[in-house]
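Report on the structure given below.
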Amino acid sequence: MRVALTVAGGLAATVNAVRPPAALDTTTLPPALDAELVALVRAAAERPVAAGASGRPWPDEQHYQVTVEDGRETQVIAATDSSMSPQFADLLGWIEQHA
């Protein structure tokens, strides 16, 4: 499975526009980290947006897109600073730490 994180918008929009996506390939991860990432992706895919989030973008907030390719299909999970669920935040933090 390949996972890529793209960040857009926010105060760092010009920096983010030229930065390549943070990417991970689970075939290169130790089995424990692979399993952890798979679990985080599943949880974030089930609830990417926090309950009660307005869905209305706020000025200067960042937009996050996680693209997951498993060899059969591609899934995109997206949220913003103001709308992300705790599950999405956990996935975002994990990718940022390990990519």
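Every read-out reported here was derived from the displayed coordinates using simple, explicitly stated rules and does not represent laboratory data. Given the structure is predicted, the values throughout are model-derived calculations rather than measurements. Here the Cβ is made from the backbone with ideal geometry for all residues, glycine too, and neighbour counts use every protein chain on show.
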Total formal charge among the other residues, if their Cβ is under 14 angstrom from that of Val7, Lys/Arg +1 and Asp/Glu -1: -3
Just to confirm a number: summing +1 for Lys and Arg and -1 for Asp and Glu over residues other than Leu29 whose beta-carbon lies under 14 angstrom from that of Leu29, what do you get? -2
